[in-house]
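What follows is a set of notes on a single structure, which appears directly below.
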Amino acid sequence: MRISVIGCGYLGAVHAAAMTSIGHEAIGIDVDEGRIRLLSGGEAPFFEPGLEDLLQAGLASGRLRFSTDMRDAADAAVHFIAVGTPQQRDGQGADLEHLDRAVEQLCGVVKPGDLVVGKSTVPVGTAADLADRLAPLGVTVVWNPEFLREGWAVKDTVSPDRIVVGVPVSSGEEISRGAPTADGLRAADVLREVYAPAIEGGTPFLVTDYATAELVKVAANAFLATKVSFINAMAEIAEITGADVTRLADALGHDERIGRRFLGAGIGFGGGCLPKDIRAFVARAEELGRGSALSFLREVDAINLRRRERAVSLAVRACGGSVYERRVAVLGAAFKPHSDDVRDSPALDVASRLRGLGARVTVTDPAAIDNARRTHPQLDYETDLDSTLNDADVVVVVTEWDEYRRGLSPEHAASLVSARAVVDGRNCLDAAAWRAAGWKYYGMGRP
Ligand code: UGA
């Protein structure tokens with residue numbers, strides 16, 4: 001099939017490359033010339049394992065192209081929209097500026113019978129608005145949310161957990177109310193063809209109305225954020241009762257209804273999705289007059305932010321009551337490992353707060369230093385782990401990279417620092433091994 005992908009960030013670049021890997025022809029469109037130049041040369045503009053191989057294979061096959069010119073999308077019959085929907089600068093809701101601009105430009109190139117398939121995360125109701133806007137052009141809108149995780153984006157795109165496709169449904173009073181219209185059925189068939197290899201491999205394919213498809217995405221992220229904040233709330237209770245939240249999570253996780261994943265207590269969630277998605281969801285619910293249904297997500301957000309402060313207070317305690325003029329080695333800048341993304345990174349927030357208290361902070365990270373420098377130029381960075389640890393009064397681990405979890409021996413680290421104190425902001429170190437090497441170990445929600 002001939003496919004266009006509008007927006008070549010994490011989502012779009014991976015989607016375009018993945019589409020060619022399963023036999024389609026894809027053109028990726030983005031307004032950012034630098035990004036298009038890199039992608040056209042087979043280089044990923046961000047750290048995403050496996051993406052460059054996929055790009056290079058796609059470019060070599062001649063079925064993958066990138067362009068800044070929307071007119072190059074005119075040959076495609078299916079147009080995926082994968083632009084960002086960040087948090088509004090002056091509010092909690094989603095900023096739909098990129099989406100509006102992409103659709104406006106697409107209107108100039110689409111043909112009757114084309115499909116416009118939204119993948120961006122949007123406030124519920126957006127798909128129906130777009131459908132009204134595109135209907136006069138004979139174009140059907142489909143909502144097909146993505147669930148990819150950074151660091152696993154290639155796998156999540158090629159073999160997703162589920163494919164959700166929101167299509168136009170009948171709105172009449174008759175018995176067919178809620179069932180896909182003829183256009184909706186046709187659109188679902190086209191999407192079945194697009195995702196044929198995954199469907200053949202057993203991936204569930206769910207056809208819904210627009211609102212359900214839009215909600216699946218934000219509900220999934222709200223659930224994940226709630227799960228993380230739930231265990232972090234338990235960490236707060238563990239801290240005053242002497243319990244160990246990691247053992248608690250292990251025990252809870254054995255209940256199949258709960259499961260161990262996303263029960264990692266620590267400095268909480270960040271990134272370009274979970275924080276802004278839960279805020280936008282609350283903002284949308286308020287617009288719809290049902291803010292009370294999601295008021296718990298404000299608490300989820302508040303618990304999450306409190307954990308950053310907890311890591312800071314542990315570092316202060318480790319330094320004997322003040323970090324002023326003390327050397328702090330911060331291990332991690334990315335919002336999670338296997339990513340160079342520092343958007344809303346809890347790691348950098350902790351580093352900045354420590355610096356705000358007068359600490360001499362040095363941050364290191366295996367992948368995210370360049371990005372961190374751009375967003376947090378006030379911090380000092382060091383690429384070499386040993387140099388970061390040199391003469392440190394306290395070590396603060398804020399991103400659970402393997403380089404720190406497994407790669408850093410407590411004995412070796414002890415030979416570099418000036419005081420053996422470590423704050424494990426992700427509960428990712430072997431506490432017993434660090435204690436055995438003479439370290440004061442401070443975990444999150446652990447004795
Ligand atoms: C998240 C979702 O997991 C994806 O399904 C979704 O498609 C994506 O957002 C999106 O909306 O685009 P991602 O932002 O890549 O993916 O990151 P996650 O792996 O979900 O991690 C989010 C944050 O939660 C990270 O800061 C991570 O450190 C934190 N986290 C995760 C914890 O603090 N504890 C855990 O147990 C798990």
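The values are calculated or read from the model by the stated rules, or taken from the named source; none is laboratory data. Everything numeric in this text was worked out from a predicted model, so none of it was measured. Neighbour counts are summed over all protein chains in view; Cβ atoms, including those assigned to glycine, are modelled from backbone coordinates with ideal geometry. Each accessible area value is taken on the protein alone, full model and side chains, heavy atoms only, with ligands, DNA and RNA left out. Shrake-Rupley method; radii C 1.70, N 1.55, O 1.52, S 1.80 Å.
For the chain, go through all pairs of different Cα atoms, get the mean of 1/r, take its inverse, and jot down that Kirkwood value in Å.
For the chain, the Kirkwood estimate is 23.4 Å.
Please list 244-254, 46-56 highest first by mean number of surrounding beta-carbon atoms within 10 Å per residue.
Output ranking for 244-254, 46-56: 46-56, 244-254.
Among the DSSP beta bridges whose two residues both lie in the chain, what percent are antiparallel, rounded to the nearest 5?
Beta bridges within the chain, antiparallel portion: roughly 5 percent.
Just how large is the dipole of the range 100-192 about the Cα centre, in debye to the nearest 20, putting +1 at every Lys and Arg Cβ and -1 at every Asp and Glu Cβ?
With Lys and Arg at +1 and Asp and Glu at -1, about 240 debye.
How far, in degrees from 0 to 90, does helix 296-318 lean away from the longest principal axis of the Cα atoms of the chain, to the nearest 10?
In the chain, helix 296-318 runs at an angle near 30 degrees to the longest axis.
If you count only protein heavy atoms with a 1.4 Å probe, what accessible area per residue comes out for the chain, rounded to a whole Å²?
43 Å²
Give a quick list of trypsin sites (Lys or Arg not before Pro) in the range 354-447 that DSSP marks as loop, anything other than H, G, I, E or B, with at most 15 other Cβ atoms within 10 Å.
Arg406
On a 1.4 Å probe surface of the protein chains, which of Asp402, Asp95 comes out largest in accessible area, and what is the full order?
From most exposed to least exposed: Asp402, Asp95.
Report relative contact order for the range 47-205 in percent, whole number only (criteria: Cα-Cα under 8 Å, sequence separation at least 6).
Across the range 47-205, relative contact order equals 18 percent.
Between helix 274-287 and the chain, what is the angle of the helix's C-alpha long axis to the longest principal axis, kept within 0 to 90° and rounded to the nearest 10?
Tilt of helix 274-287: around 60 degrees.
How high is the relative contact order of the chain, in percent, counting Cα pairs under 8 Å that sit 6 or more residues apart?
12 percent.
From the C-alpha gyration tensor of the range 209-447, pull out the three semi-axes of the equivalent ellipsoid (sqrt of 5λ each), sorted largest to smallest, in whole Å.
Semi-axis lengths for the range 209-447 are 32, 20, 16 Å.
Go ahead and estimate [θ] at 222 nm for the chain from helices alone: -39,500 (n - 2.57) per DSSP H run with n ≥ 4, summed, over the residue count, rounded to 500.
-13000 deg cm²/dmol
Mind ranking His15, His338 by accessible surface for me, highest first, 1.4 Å probe?
Descending accessible area places them as His338, His15.
Counting pairs on different chains as well as pairs 8 or more places apart, how many Lys pairs in the chain have Cα atoms under 21 Å apart?
Qualifying lysine pairs in the chain: 12.
At q = 0.18, 0.21, 0.26 Å⁻¹, what log₁₀ I(q)/I(0) does a Debye calculation on the Cα points of the range 197-284 give, no solvent, two decimals?
Debye curve over Cα of the range 197-284, log10 I(q)/I(0) at q = 0.18, 0.21, 0.26 Å⁻¹: -0.91, -1.03, -1.18.
Springs between alpha-carbon atoms under 10 Å, Gaussian network over the chain: tell me which of Thr181, Thr362, Thr126 tops the mean-square fluctuations.
Comparing Thr181, Thr362, Thr126 in the GNM, the peak value goes to Thr181.
How far is helix 346-356 tilted off the main Cα axis of the chain, in degrees rounded to 10, range 0 to 90?
Helix 346-356 sits at roughly 50 degrees to that axis.
What nm distance separates the two modelled labels at Thr383 and Ile240, each placed 7 Å from Cα along Cα→Cβ?
4.7 nm
Please report, as a whole percent, how much of the solvent-accessible surface of the chain comes from carbon and sulfur atoms (probe radius 1.4 Å).
For the chain, the apolar C and S fraction of the accessible surface comes to 51 percent.
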